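Here is the structure we will look at, set down as structure tokens.
The values are calculated or read from the model by the stated rules, or taken from the named source; none is laboratory data. All values derive from a computational prediction rather than experimental measurement. Here Cβ is always computed from backbone atoms with ideal geometry, including for glycine, and neighbour counts include all displayed protein chains. Each accessible area value is taken on the protein alone, full model and side chains, heavy atoms only, with ligands, DNA and RNA left out. Shrake-Rupley method; radii C 1.70, N 1.55, O 1.52, S 1.80 Å.
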Amino acid sequence: MGALDHISELFDCSSGSSKHKKRKQLQTVEVKVKMDCEGCERKVRRAVEGMKGVSTVEVERKANKVTVVGYVEPSKVVARIAHRTGKKAELWPYVPYDVVAHPYAPGVYDKKAPSGYVRNTDDPHYSQLGRASSTEVRYTTAFSDENPAACVLM
């Protein structure tokens, strides 16, 4: 968008509807799709490559992951893969192991996740498992070497 377009939008007096469509942002969409063979991989790749706005498609069969880069909406990519291939598709639910505070909490750890990844969850119940309560903190710091008022017996 040029400077002239930006200035014209600032001083636009037309009613709520604009003549210009909102431009889509360049996005990287990661999708989980079960792929067993090269035929599945080829079918998924062809389903996504035909979409308008797609720049690149990367398929990782061992990780069951498809990465699409382009001016596309994530929901449309998932719907297109599910419709064209007949396979169950969902947005990539995993994050790297280091990002999660408590990776072995139930609901976060997933046996089916690729190595180095755990399930991404925003549930506050799971995030609380990584933090100690105030009572636990009091007992652990009472016997700490850094605490000058620690137990004399230590």
Computed lengthening from HIS6 to SER115, 0.36 nm per intervening residue step minus Cα-Cα distance: 34.6 nm
Label-reachable residues, the stretch 47-67, where backbone N falls under 20 Å from a point 7 Å from ARG23's Cα toward its Cβ: 52-56
Summed residue charge, Cβ within 12 Å of ALA63's Cβ, Lys/Arg positive, Asp/Glu negative: +2
Whole-number accessible area per residue in Å² for the stretch 44-102, which is evaluated in the context of all protein chains at 1.4 Å: 59 Å²
LYS65 long-range amide H proximity, modeled H, under 5 Å: VAL33, GLU60
Sites SER75 and CYS37 - FRET efficiency at Förster radius 30 Å, r taken between beta-carbons, to 0.05: 0.65
